[in-house]
Amino acid sequence: MTLPREGDVAVDGDPADPYDRDRSGYSLANNRELLFGCFEAAAATSVVEIGAEYGAFTRELLAWARGRAKVIAVDPLPQQSLLDLAAADPDLELVEQLSIPAFRSLPRLDAYVIDGDHNYYTVLNELRAIADTAGDDPFPLVVFHDVCWPHARRDSYYAPEQIPEEFRQPLISDVHLTPWSEGSEDTGIPYLHVAAREGGPRNGVLTAIEDFLESRAVGGQGDDLRFARVPAFFGFAAMWPAAAPWADRIAALIEPLHEHPVLERLEGNRVVHLLERIRFGEELRKADTDRVARLEAELRRIRDSRAIAVAERLSALRGRGEPLVSRQRIDDALR
């Protein structure tokens, strides 16, 4: 997946650029109308974002929340641009912790954005921590990112050693993924640590959500939550209490898009073209690297040849100063 560079605070999915040129559609901001629509329907006055990283979406969240909601960003390893944002904006509270202990230390909030470590164990326990924090109070609004390919049925890990072994899938590392391959391709979306295979129990973000909902059904709370998944920009979803006075407003906003087959096909087509762009870019970079290597090898061959030494001596004998081509010039070009 094309990720932002350090210091890149431009929001992916800029509303002024509907074609999303030169980006991957990685940001939750691409679903801003649905996300902020849910917050407004629930009249949320406090929002926590999990997985703020560079702070690109956090900026948009702050702009929406100004004067209406408190914003908390949770990230154990915030990048410098997020640290700068927190230092400059008093309306942002930054919590530098892993999400699960952070949730347990925070009071119940109106809305949660889950977009952090995309694996079964983390997401399931984030939801359990939210439920524990809510206690006897109504369950809050929770929105999710990455509930479609590649994370819906496949774990990825920022730090695999932090996941209990019994919940950790067999891993492959430094790989590239495509939706038509169970393993790793030469080109695709890059991952540092990811489950070796897609699917199966205890694997993926959507699986964690489904198991959480199932556990509530077993516990006699099966009708207390509603859930909808919109298959666009790697997947947006919302979970909300069925008995809330604002429940039908959220349902009207996103349930018509729930697992919509046209959106499913559009997202699949978008991913194919994204991967093709990644493949083409990698081929161009490889071709450039190979071409530069050949040029450098040829320059070294010329530099070390007798012909260049003769040319330098003849130029000196004729008193014409520095020759047009010399070993020094070639050395300078090779630096």
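All of the numbers you see were taken from the coordinates with simple rules; none came from a lab. This structure is a prediction, so every number in the text was calculated from the model and none was measured. So basically every Cβ, Gly included, is an ideal-geometry build from the backbone, and we count neighbours across all protein chains shown.
Of note:
- Net charge contributed by nearby residues that have their C-beta within less than 11 Å of residue 263 (K/R +1, D/E -1): 0
- Dipole of the chain, positive direction: furthest Cα of 160, 188, 37, with charges on the beta-carbon: 188
- Computed from phi, the 3J(HN,Hα) profile of region 143-151 under the Karplus parametrisation 6.51, -1.76, 1.60 (θ = phi - 60°) reads 10, 10, 10, 6, 9, 10, 4, x, 8 Hz, with x in place of Gly and Pro.
- Interchain or long-range residues, amide H under 5 Å from residue 242's placed H: 225, 226
- Of the chymotrypsin sites (Phe, Trp or Tyr not before Pro) in region 156-193, the ones in a loop by DSSP (not H, G, I, E or B) with at most 11 other beta carbons within 10 Å are 180.
- Rough spin-label spacing in nm, given labels placed 7 Å along Cα→Cβ, for residue 312 and residue 248: 8.8
- Exposure here means at most 14 other Cβ atoms within 10 Å; with GluC sites (Glu not before Pro) in a DSSP loop as sites, the longest stretch of the chain lacking them is 7-95.
- Other-chain or far-sequence residues with amide H under 5 Å of residue 141's (modelled H): 112
- For the Cα trace of region 30-89, dividing Rg by the Kirkwood Rh returns an Rg/Rh value of 0.96.
- Model label zone, residue 224; criterion: amide N under 14 Å from point 7 Å along Cα-to-beta-carbon; scope region 108-135: 128-135
- Placing unit charges on the Cβ atoms of the charged side chains and taking the dipole of the chain about its Cα centre, the candidate lying farthest along the positive direction among 295, 27, 97 is 295.
- Once backbone amide H atoms are built at 1.01 Å from N, residue 148 has 235 as its partners under 5 Å, excluding neighbours fewer than 5 places away on the same chain.
- Using the Cβ-Cβ distance between residue 269 and residue 329 with R0 set to 41 Å, the FRET efficiency from 1/(1 + (r/R0)^6) comes to roughly 0.20.
- With coordinates expressed along the principal axes, the C-alpha atoms belonging to the chain extend over 97, 44, 39 Å, beginning with the largest.
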